[in-house]
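**Student:** Dumping the structure here so I can ask a few things about it.
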Amino acid sequence: MRSTAGGLIMAGLMTFSCAAAAQSGFLGDGQTPTLHVTSADIAMDVPMPVSGANLSLLLADAGSGSSLSELKEAALQKYRRHLQGELSLQLNTFFADEEVPLVAREGQLTLQNRLDIKVIKHFSNLQRDGDYDLERGTVQLEGHFYYRLRDLSGRTLRERNLDIASLDVREAYRVRTSRSGDTAEDNTEEAIKRALAAMVEEILDRIDGELDAGELEDLAAG
């Protein structure tokens, strides 16, 4: 269902005639409408470290001039960029598979997306491992994904609000911390990024039948 990077390159090579037809509002019989996908509007809430060596490192950074709120915002920006990239990649791949011509500006149809995501960290257990404490748990995602498909006049053709919790996305994390508190091995960031990528996959699986080429043709013609 997902194509390779070569498919993404082909998706970017849109013909002038298709773009001109979309901008003029004309669509011939059986012609797939051009589509403009806007950058997703993303809001996120991610837990910060609350104990151990990682918190000490954050406090040290805060003491050197960065506030904890600034450090959290920097972390959120990192995750938002990651999620934006994943969503853009997988949407472009999907529409390339469907042979839907994508345009950089206003097409006959425009797809708008919004994500409001909360990352929840669930602690499972804490074990002693020599001179280290080993924490294990899972990260889980909650929130909503919303999309709106509109035509050139701004009329909404289709929209959906998807509950992220219904996707049941979970990824395991582990934190290995020295009892002296000066070192830590923490793969929480990688677990969150894996969860975000898996979430996007699940979202596309839920909505692909609503946005395939045939559906877009019918919606544009109706």
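The values are calculated or read from the model by the stated rules, or taken from the named source; none is laboratory data. Computed from a predicted structure; not experimentally measured. Every residue, glycine among them, receives a Cβ derived from its backbone with ideal geometry; neighbour counts consider all protein chains shown.
**Student:** Consider region 71-101. How many of its residues are small (Gly, Ala, Ser) and either surrounded by fewer than 16 Cβ atoms within 10 Å (Cβ to Cβ) or over 29 Å from Glu217 (Cα atoms) (or both)?
**Tutor:** Start the filter on region 71-101 by keeping residues that are small (Gly, Ala, Ser), which leaves 74-75, 85, 88, 96.
Those left that are additionally either surrounded by fewer than 16 Cβ atoms within 10 Å (Cβ to Cβ) or over 29 Å from Glu217 (Cα atoms) (or both): 74-75, 85.
Total satisfying the criteria: 3.
**Student:** Is there any pair linking a residue in region 146-161 that is touching a residue at least 60 places away in the same chain (Cβ under 8 Å) to one that is surrounded by fewer than 16 Cβ atoms within 10 Å (Cβ to Cβ), with Cβ under 6 Å and at least six apart or on different chains, and which?
**Tutor:** Every condition considered, the pairs that remain are Tyr147/Arg160; Leu152/Gly25.
**Student:** Here is a further query. Restricting attention to region 102-118, and to residues there that are at pLDDT 95 or above and out of contact with any Gly (no Cβ under 8 Å at 6 or more places or on another chain), which single residue is surrounded by the fewest Cβ atoms within 10 Å (Cβ to Cβ)? Spell out how you get there, then give the answer.
**Tutor:** The initial filter retains those residues of region 102-118 that are at pLDDT 95 or above, namely 102-103, 108-118.
Those still in the list that are out of contact with any Gly (no Cβ under 8 Å at 6 or more places or on another chain) too: 103, 109-114.
Values: Val103: 19, Leu109: 25, Thr110: 20, Leu111: 22, Gln112: 17, Asn113: 19, Arg114: 15.
Of everything passing the filter in region 102-118, Arg114 is surrounded by the fewest Cβ atoms within 10 Å (Cβ to Cβ).
**Student:** Something else: Answer yes or no as to whether Ala60 is part of a helix (DSSP H, G or I), at pLDDT below 90 and either of a type in the set (Asp, Glu) or surrounded by fewer than 13 Cβ atoms within 10 Å (Cβ to Cβ) (or both).
**Tutor:** Values: part of a helix (DSSP H, G or I): yes; at pLDDT below 90: yes; either of a type in the set (Asp, Glu) or surrounded by fewer than 13 Cβ atoms within 10 Å (Cβ to Cβ) (or both): yes.
It is true that Ala60 is part of a helix (DSSP H, G or I), at pLDDT below 90 and either of a type in the set (Asp, Glu) or surrounded by fewer than 13 Cβ atoms within 10 Å (Cβ to Cβ) (or both).
**Student:** Same structure again: Can you pull out the residues in region 143-171 that are closer than 30 Å to Phe123 by Cα, of a type in the set (Gly, Ala, Ser) and more than 15 Å from the chain's Cα centre (by Cα)?
**Tutor:** Within region 143-171, the subset closer than 30 Å to Phe123 by Cα is 143-146, 161-171.
Now restrict to residues that are of a type in the set (Gly, Ala, Ser): 143, 165-166.
Correct list: Ser166 only.
**Student:** Please find, among Arg174, Arg179, Arg194, the residue that is charged (D, E, K, R) and at pLDDT 95 or above. Walk me through it before giving the result.
**Tutor:** Values: Arg174 fails: at pLDDT 95 or above; Arg179 fails: at pLDDT 95 or above.
Testing whether each residue is charged (D, E, K, R) and at pLDDT 95 or above leaves just Arg194.
**Student:** Right, here's the next one. I want to confirm something. Restricting to region 172-214 and keeping residues that are more than 23 Å from the chain's Cα centre (by Cα) and crowded, with 17+ Cβ neighbours inside 10 Å, which single residue is nearest to Val100 (Cα to Cα)?
**Tutor:** Ranking the qualifying residues of region 172-214, first place goes to Val175.
**Student:** Something else: Please go through region 105-142 and pick out each residue that is free of Cβ contacts under 8 Å to residues at least 60 places away in the same chain and within 22 Å of the chain's Cα centre (by Cα).
**Tutor:** Of everything in region 105-142, those that are free of Cβ contacts under 8 Å to residues at least 60 places away in the same chain and within 22 Å of the chain's Cα centre (by Cα) turn out to be His122, Thr138, Val139, Gln140, Leu141, Glu142.
**Student:** Taking the residues in region 181-201 that are in a strand (DSSP E or B) and touching a residue at least 40 places away in the same chain (Cβ under 8 Å) as candidates, determine which candidate is nearest to Gly107 (Cα to Cα). Reasoning before the result, please.
**Tutor:** Taking region 181-201 and keeping what is in a strand (DSSP E or B), we get 184-186.
Among the residues that remain, those that are also touching a residue at least 40 places away in the same chain (Cβ under 8 Å) are: 184, 186.
Numbers: Ala184: 50, Asp186: 44 Å.
Step by step, filter region 181-201, then rank; the result is Asp186.
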